[in-house]
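A.B. asks: Please see the structure below; I have some questions.
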Amino acid sequence: MTAIDLNADLGEGFGRWRLTDDEQLLSVVTSANVACGFHAGDAATMRRVCERAAERGVTIGAQVSYRDLAGFGRRAMDVPPAELAAEVAYQIGALEVFARAAGARVAYVKPHGALYNRVVHDEEQARAVIEGVRLADASLPVLGLPGSRFLELAAEAGLPAVTEAFADRAYTDEGTLVPRGHEGAVVTDPDDVVERSVSLARSGAVIAHSGARIRVRARSLCLHGDTPGAVGLARRVRERLVAAGVRVEAFA
């Protein structure tokens, strides 16, 4: 039976503001990418999400980012490699405190936003993120785009490299994500998102922005939690996957 992990970006609030419905999404997903304070999140939010995730048996992952609260981590930044490595380790360590306090642990790492897209091709930045992960815990898996330099270099460095797909993001013919500023970069039709999820899980394929069918083999499927109706859509995706004979389970 085909198996797929469902992950979502959680804890993406700050102080009194909350962006994602963490409580409800934690009843659907199998892995939680928890914001570590650099693009969103704060100490109280990290603690709360880790406690809820542990209670529900959801795997906790550190979603590391450039230091960019104002831009939600989606702005291009040039950070010296040594500084980036230290900041990645710092973010993982901060989340690990709250994960362990909740009786769990940080089980994987996923870059966020501009950093996620940058390390697809930028070898220097990819190596810096990998160094940061190894500083924190050299056994941690990393989650990223299939075919990216990030995953290739991670595997070379001895880190488990886990591939990820996006049901609600448009793809280029090369298998990269269409930049968010481009028209059609986000797939908004719920039926389309559900069908793309099943196709990605069952056949490892998806229709690119151009209309071409491309291969995107992934062990984990990301469901964005900051879109309208995210919880209902996530439930539909999970129900449809199970109905299609896909086993939904965490990869770590």
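The values are calculated or read from the model by the stated rules, or taken from the named source; none is laboratory data. The model shown is predicted, which means the values in this text are computed figures rather than measured ones. Every residue, glycine as well, gets a Cβ built from its backbone with ideal geometry; the counts of neighbours run over all protein chains shown. Accessible surface is based on the protein model in full, side chains and every heavy atom, while ligands, DNA and RNA are left aside. Shrake-Rupley method; radii C 1.70, N 1.55, O 1.52, S 1.80 Å.
A.B. asks: Taking 0.36 nm per residue of separation and subtracting the Cα-Cα distance, what length does fully extending ARG215 through ASP173 add?
C.D. replies: Once the chain is fully extended between ARG215 and ASP173, it gains 14.2 nm.
A.B. asks: At 7 Å along the Cα-to-beta-carbon direction for both HIS121 and MET77, put a label point, then send me their distance in nm to one decimal.
C.D. replies: Modelled inter-label distance: 2.1 nm.
A.B. asks: May I ask you to derive the FRET efficiency for ALA205 and HIS182 from their Cβ-Cβ distance with R0 = 30 Å, giving the value to the nearest 0.05?
C.D. replies: With R0 = 30 Å, the Cβ-Cβ based efficiency is 0.85.
A.B. asks: Further question on the same structure: So what is the accessible area of the chain per residue, in Å², with the probe set to 1.4 Å?
C.D. replies: Per-residue value: 43 Å².
A.B. asks: Taking all protein chains as present, what is the carbon and sulfur share of the accessible area of segment 105-149, in % to the nearest whole number, probe 1.4 Å?
C.D. replies: 44 percent
A.B. asks: Compactness ratio of segment 131-252: Cα Rg over 2.2 N^0.38 Å, N = residue count?
C.D. replies: 1.11
A.B. asks: Counting Lys +1, Arg +1, Asp -1, Glu -1, what net charge surrounds VAL129 among other residues with beta carbon under 14 Å of its beta carbon?
C.D. replies: -3
A.B. asks: Still on this model: For mean projected area of the Cα convex hull in nm², the listed values are [x] 17.4; [y] 13.3; [z] 12.1; which was obtained by calculation from the structure presented?
C.D. replies: Read-out from the structure maps to [z].
A.B. asks: On to the next question. Select from GLY211, GLY73, GLY61 the residue whose mean-square fluctuation is largest in a Gaussian network model of the chain (Cα-Cα springs shorter than 10 Å).
C.D. replies: So, out of GLY211, GLY73, GLY61, the one fluctuating most is GLY211.
A.B. asks: Ignoring GluC sites (Glu not before Pro) that are buried or in helix or strand per DSSP, and keeping those with at most 10 other beta carbon atoms within 10 Å, what is the longest stretch of the chain between them?
C.D. replies: Result for the longest clean stretch: 1-173.
A.B. asks: Using 7 Å Cα-to-Cβ label points, what is the VAL97/ALA157 separation (nm, one decimal)?
C.D. replies: The answer from the label model is 2.4 nm.
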